[in-house]
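To keep things clear, I will list the structure first and then write my remarks on it.
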Amino acid sequence: MQTFRKVIFSGIQPTGNIHLGNYFGAIKRWKELQDADHDCIFSIVDLHSITLPQDPKALNEGILKMTATLLACGIDPQKSVIFQQSNVKEHAEFSWILKCITTMARLGRLAQFKEKSEKLKEVPLGLYVYPVLQAADILLYKTTHVPVGEDQSQHIQLAQDLQRVFNHTYKSEVLVRPTALISDGPASRVKSLRDPAKKMSKSDPDPRSYIGLTDPPELITNKFRKALTDFTSEVSFDPENRASVSNLILIESLSTGLTPDEICERNSNIDTGKYKLVVADSVIEMLRPIQNNYHRLINEKGYLISVLRDGAERARTVANKTLSEVKKVVGLSLEY
Ligand code: AMP
Ligand code: TRP
């Protein structure tokens, strides 16, 4: 039987502290898809990062750190393509062509744009057109599936719309419709440890709100110790009425594979204060091999750069082919 081979594309920004939400919502699933033998392309989307001001040195280090993190989490450059977005110029060029078929009204309605621009006095154009660059990332590789957390679903819808509009406008079948892969469980939306109404976020100014993948064990324990709970001391799972405690249970569940019911049963004899340390221990255990890999890799700068260079070369071959097809149907390429 012939099985349908998926083309997987996803991206992650090399800025901020990569946390458990990114791991469970994105990277862990990337590895599962890679190991299921699909064509996987993962991009460190540095051009997306500069839509907000960045310190150049920190951005540069962030790219290497993110590369080391992805490899430490099991993304294997022999199986997957890992590359830096700005190394493949086709992304910027193709995004221009897509911008010409995108309306301002469509972009202004997107939740992430509204949320990010609300906090700014002057809104950079890059922040506004950010989702079009994301659509270019996806469509350049004729991607069939995009594994992301729930917060990205509107952006994938835009990529779907632009695929349809492009093919329709140019009466072509060049672009392929991408589908979002968003897990239905808690992995798609891990909550902040300080406010369960918010998602765990890289840009949260309070570092106690997230667990960084490279946080040392003592820091992890401390952050869980300070995690918000409520006035009931029992460990029970009730996401509606006990959001903060339930988030801790879900984090343990994602880290260990135990179900929330099993976790509540095992911890029926302790209070939530002590339970926080149980969660901390299971997260520390889960992260231990990843952290060991990370600390080894981060010192191998030459190797990390060579992984990115090879990845860019492989990505460029595909991106260039699609862009040539695109330019042809748009009427931009002359036969010299
Ligand atoms: P970002 O942190 O915005 O660069 O997101 C990188 C990836 O992690 C995207 O696929 C997000 O959807 C995913 N992600 C970010 N925060 C969370 C979270 N709290 N829970 C689950 N997935 C997340
Ligand atoms: N915007 C995504 C985020 O902030 C990152 C991203 C850029 C992306 N290009 C992508 C994700 C393409 C999936 C596919 O998380």
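The values are calculated or read from the model by the stated rules, or taken from the named source; none is laboratory data. Fair warning: this is a prediction, and the values are worked out from it, not measured in the lab. So basically every Cβ, Gly included, is an ideal-geometry build from the backbone, and we count neighbours across all protein chains shown. Each accessible area value is taken on the protein alone, full model and side chains, heavy atoms only, with ligands, DNA and RNA left out. Shrake-Rupley method; radii C 1.70, N 1.55, O 1.52, S 1.80 Å.
Of the residues making up the stretch 263-290, just one is of a type in the set (Val, Ile, Thr) and either outside any helix (DSSP H, G or I) or over 31 Å from the mean Cα position of the chain (by Cα) (or both), namely 270.
Residues are listed down the side, and each one gets a yes or a no for (1) touching a strand residue (DSSP E or B) at 6+ places or on another chain (Cβ under 7 Å); (2) more than 12 Å from ligand 1 (Cβ to nearest atom); (3) open to solvent by 10 Å² or more (accessible area, probe 1.4 Å):
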{"residue": "121", "(1), (2), (3)": "no, yes, yes"}
{"residue": "126", "(1), (2), (3)": "no, yes, yes"}
{"residue": "130", "(1), (2), (3)": "no, no, yes"}
{"residue": "154", "(1), (2), (3)": "no, no, yes"}
{"residue": "158", "(1), (2), (3)": "no, yes, no"}
{"residue": "162", "(1), (2), (3)": "no, yes, no"}
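Does residue 93 count as of a type in the set (Asp, Glu), under 23 Å from residue 150 (Cα atoms) and assigned to a helix (DSSP H, G or I)? The answer is no for residue 93.
Within the stretch 286-296, none of the residues are under 19 Å from residue 231 (Cα atoms), open to solvent by less than 100 Å² (accessible area, probe 1.4 Å) and aromatic (Phe, Trp, Tyr). Within the stretch 96-128, the residues that satisfy the criterion of being of a type in the set (A, V, I, L, M) and part of a helix (DSSP H, G or I) are 97, 98, 104, 105, 107, 111, 125, 127.
Selection of the stretch 168-225 for residues being open to solvent by 40 Å² or more (accessible area, probe 1.4 Å), more than 16 Å from ligand 1 (Cβ to nearest atom) and either among the β-branched types (Val, Ile, Thr) or assigned to a helix (DSSP H, G or I) (or both) yields 168, 169, 176, 217, 218, 219, 222, 225. For residue 51, the conditions (1) modelled with pLDDT of 95 or more; (2) near ligand 2 (Cβ under 10 Å from one of its atoms); (3) in a helix (DSSP H, G or I); (4) open to solvent by less than 40 Å² (accessible area, probe 1.4 Å) are fulfilled apart from (3). Restricting 105, 58, 26 to those that are without any contact (Cβ under 8 Å) to a residue 60 or more places away in the chain and within 16 Å of ligand 1 (Cβ to nearest atom) reduces the list to 58.
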